[in-house]
1. Using modelled backbone amide H atoms (1.01 Å from N, in-plane), which distant-in-sequence or interchain residues come within less than 5 Å of B:Trp72's amide H?
2. What net charge is computed for the residues neighbouring B:Gly42, neighbours being all others with C-beta under 13 Å from the C-beta of B:Gly42, Lys and Arg scored +1, Asp and Glu -1?
3. Please report, in debye to the nearest 20, how large the charge dipole of the stretch B:5-164 is about its Cα centre when each Lys and Arg carries +1 at its beta carbon and each Asp and Glu carries -1 there.
4. Please list the non-local residues whose amide H lies under 5 Å from the amide H of A:Thr64, H modeled 1.01 Å from N, same-chain partners needing a gap of 5 or more.
5. May I have the count of lysine pairs in chain B with C-alpha atoms under 21 Å apart, counting pairs 8 or more residues apart or located on different chains?
6. If you take the charge dipole of the protein assembly as shown about its Cα centre, with +1 on Lys and Arg Cβ and -1 on Asp and Glu Cβ, which of A:Val82, B:Leu19, B:Pro54 is farthest toward its positive end?
7. Say the dipole of the stretch A:2-79 comes from +1 at the beta carbon of Lys and Arg and -1 at that of Asp and Glu; which of A:Thr17, A:Asn60, A:Asn2 then lies farthest toward its positive end?
8. By how many degrees, 0 to 90 and rounded to 10, does the Cα axis of helix B:56-71 deviate from the longest principal axis of chain B?
Amino acid sequence: MNIQLRFFASVREKLGTAQESVALPDHVQTVGDVRAWLRERGGPWAETLAEGRALRMACNQVMTDAGAKISDGCEVAFFPPVTGG
Amino acid sequence: MPIRVQTEDFDLGAEVAKLRAGDRRVGAVCSFIGTVRDMNEGAQVAEMELEHYPGMTEKALEDIVARAKARWNIYDALVIHRVGPLKPLDQIVLVAVTSAHRGESFAACEFIMDYLKTQAPFWKKEQTPAGARWVDARAADDRALEKWGIESGNAEAPNGADKT
């Protein structure tokens, strides 16, 4: 399964990337699985995407939780708590 | 339901005139404007940069207005949010709501702002004398949304752990 990754604000800065396309191994099925799989890259990925961090997630541009199922071609985003207004 | 995310400034008078133009049902218009302060969390703010998630931000704002319309008997609502570099005194956000009577537009205007603060993907980065810093989400904003019976979960890290 191929998906698009997007990162914003402090998460984007810490990871040093705003977006990338990735091919996922079969066992990665949910947004939370993507987060865990990216942590395996180590360094800032392990730290920024660690469990327990206040991190928000979106799938196809809708806020979601870790259990949301992903599908081929979808866009998964990770970003810090929002601070607009 | 007009939604705009833009770098340009806006004019309250012109926007409200457009929102209620020709609509004889309207007996109340409520508006809110958020502006840039020169102090935040003990530091002088010289400038800030507002980042958003193009596409998702507009969808989130449309969803917020739809929720307000489902909840109150309002006629129309306008949300304008600026992005890019902003300085103290600049306008950041405008919410305006029209209804027949004041109660609905007062409530819907506050609801839209409370929702926007915790659910619309915008992020502020401030320039202070100590350097640039990303603004932390406030638990008070989560509580503001909770008063409408909606759980936010924006500012709080799971299990009380550190923020990202």
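Bear in mind these aren't lab numbers, they're just calculated from the coordinates by the rules spelled out. Because the structure is predicted, anything quoted here is derived from the model rather than measured. Note that each Cβ is placed from the backbone with ideal geometry, even for glycine, and that neighbours are counted across all protein chains shown.
1. The list, which skips near neighbours in sequence, is empty: none.
2. Here the count lands on -2.
3. Details: 20 positive and 26 negative charges, 104 e Å.
The calculated dipole for the stretch B:5-164 is roughly 500 debye.
4. Distant-sequence amide H within range of A:Thr64: A:Met57, A:Ala58, A:Cys59.
5. For chain B, qualifying lysine pairs total 14.
6. Checking the options against the dipole of the protein assembly as shown, the answer is B:Leu19.
7. The listed residue farthest towards the positive side: A:Thr17.
8. The helix B:56-71 is inclined about 50 degrees to chain B.
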